[in-house]
Amino acid sequence: MAGLTGNARKIADLFWAGKETAYAVRVETSAPRCFGQSEAWRGAMVVDSGSREGHAWDSRKIDFFVKNVVPFELLWRSGVEIETVATESANRANTSLENLDVTVRKFRERIKNDLSSMKASSDRVQSEVSQMSEKYKAAQEILTSPVMEKAIANAERLAIALETDQRAFRNQTVRCCLWPRAGQWP
């Protein structure tokens, strides 16, 4: 396929576009000749030095050429057509795979960054929950300690005493005496 390498993509595009006639012509004109047609035609040419001007052909050699060489050349051309499309398909598939690989790598890196961020956030939340748990335990210990029980009991007794005083003074008038400062008597 040495003769098709530069045009392979254009030739394959004709095939994929459904332009089979143009495709066949491009393959035929771009590909090197398989069995050396010129040698076959030269071998079938008869040299008649005597009577006529022009070329004469040996029909047996042409018939042999048509039956034995042409089908192989047609088969060879079909092979070149198939090779052209298959090679270009493989090249496109490889290019697509490379592009997919790049996309997957970028996706993995993006996901890796996102996962790292999520892990960092999770670690912060776990740390904060741990700290809050410790603070709640400390607060619970303070609220259930004997010192707090005594403070609550004292506060309850104080509340009862204030309530009792309030009831006692509710119906009484409190008189305040204001004493002048020394030396201020009239």
Checklist line | Residue pairs meeting the criteria (Cβ under 8 Å; at least 6 apart or on separate chains; first touching a residue at least 60 places away in the same chain (Cβ under 8 Å), in segment 57-82; second surrounded by 11 or more Cβ atoms within 10 Å (Cβ to Cβ)) | finding: VAL80/MET1; VAL80/LEU4; VAL80/VAL27; VAL80/ALA31; GLU81/PHE15; GLU81/TYR23; GLU81/ALA24; GLU81/VAL27
Next item on the list: Name every residue in segment 81-105 that is within 13 Å of the chain's Cα centre (by Cα), open to solvent by 60 Å² or more (accessible area, probe 1.4 Å) and closer than 29 Å to ASP13 by Cβ, in order of residue number.
Entry: LEU97, GLU98, ASN99, LEU100, ASP101, VAL102, THR103
Item checked: Qualifying positions in segment 77-102 - in contact with a Leu (Cβ under 9 Å, 6 or more places away or on another chain) and acidic (Asp, Glu) -> GLU83
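The values are calculated or read from the model by the stated rules, or taken from the named source; none is laboratory data. Please read these numbers as outputs of a predicted model, since none were measured by experiment. Heads up, the Cβs are rebuilt from the backbone with ideal geometry, glycines too, and the neighbour counts pull from every protein chain shown. Accessible surface areas use protein heavy atoms only, side chains included; no ligands, DNA or RNA. Shrake-Rupley method; radii C 1.70, N 1.55, O 1.52, S 1.80 Å.
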